[in-house]
1. Pairs needed: first member in segment 26-48, under 11 Å from residue 15 (Cα atoms); second member anywhere, of a type in the set (Phe, Trp, Tyr) and part of a loop (DSSP other than H, G, I, E, B); C-beta distance under 8 Å; at least 6 residues apart or different chains.
2. Output the number of the condition that residue 55 fails; it satisfies all remaining conditions of (1) in contact (Cβ under 8 Å) with a residue 40 or more places away in the chain; (2) not polar (S, T, N, Q); (3) not in a loop (DSSP other than H, G, I, E, B).
3. Please determine, by comparing only the residues of segment 8-41 that are in a loop (DSSP other than H, G, I, E, B) and surrounded by 15 or more Cβ atoms within 10 Å (Cβ to Cβ), which one is modelled with the lowest pLDDT.
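The values are calculated or read from the model by the stated rules, or taken from the named source; none is laboratory data. All of these numbers come straight from a predicted model, not from anything done at the bench. Reconstructed Cβ throughout: ideal geometry from the backbone, glycine too, with neighbour counts over all protein chains shown.
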Amino acid sequence: MIEAKTDEQGRVIDAKILRSIPLLDEAALAAVKQWIHEPYILNGKPQPLIFTVSVNFTIK
């Protein structure tokens, strides 16, 4: 589980681990930091946003 913060353009500018699996933490943070979201719009203006996300890994 990761908490991430986006800037006004929707880019992830900060992320931290909330629930850890030590061997996968760095990979999860690296993945989330690459994401770009649609900006959160409030009263017609883009705003920074803090959200949580679960990152799931699958072995194939």
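1. 28/57
2. Tallying (1) in contact (Cβ under 8 Å) with a residue 40 or more places away in the chain; (2) not polar (S, T, N, Q); (3) not in a loop (DSSP other than H, G, I, E, B), residue 55 fails exactly one: (3).
3. Here is the first cut: in segment 8-41, the residues in a loop (DSSP other than H, G, I, E, B) are 8-10, 18-24, 34-35, 37-39.
Then drop every residue that is not surrounded by 15 or more Cβ atoms within 10 Å (Cβ to Cβ), which leaves 10, 39.
Numbers: 10: 94, 39: 91.
Ranking the candidates gives 39 first.
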